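FYI, it's all coordinate maths here, none of it is from the lab. A quick note: this is a predicted structure, and the numbers were derived from the prediction, not measured. We place every Cβ from the backbone using ideal geometry, glycine too, and count neighbours over all the protein chains shown.
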């Protein structure tokens, strides 16, 4: 990170639920991370998974907006995580 650049802290809220666990209760969980230039939601989710929560689960294949496997609801609208900027 260059010294003179400032990056903002962002919050990503995910809906957590494990339908295979009868005791699982649906809930939202919020993660705070530092945004990087050109960050997509896919990159943010990878960062959350690798640094904060290895239990986080989401799908992705192409990372190019072609296959649609990373589709999810973002702020109430269907989006592709690999194409949605933070």
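For region 18-65, list log₁₀ I(q)/I(0) at each q in 0.25, 0.26 Å⁻¹, using the Debye formula over Cα point scatterers of equal strength and ignoring solvent, two decimals each.
So the normalised log intensities work out to -1.08, -1.11.
Give the separation of the Cα centroids, region 1-50 to region 62-79, in Å.
Answer, in whole Å: 15.
Given the peptides 74-83, 22-31, arrange them by the average over their residues of other C-beta atoms within 10 Å, most packed first.
Details: 74-83: 13.8, 22-31: 9.6.
Descending packing order for the listed peptides: 74-83, 22-31.
Using only the alpha-carbon atoms, how far is helix 41-51 inclined from the longest principal axis of the chain? Give it as 0 to 90 degrees, nearest 10.
80
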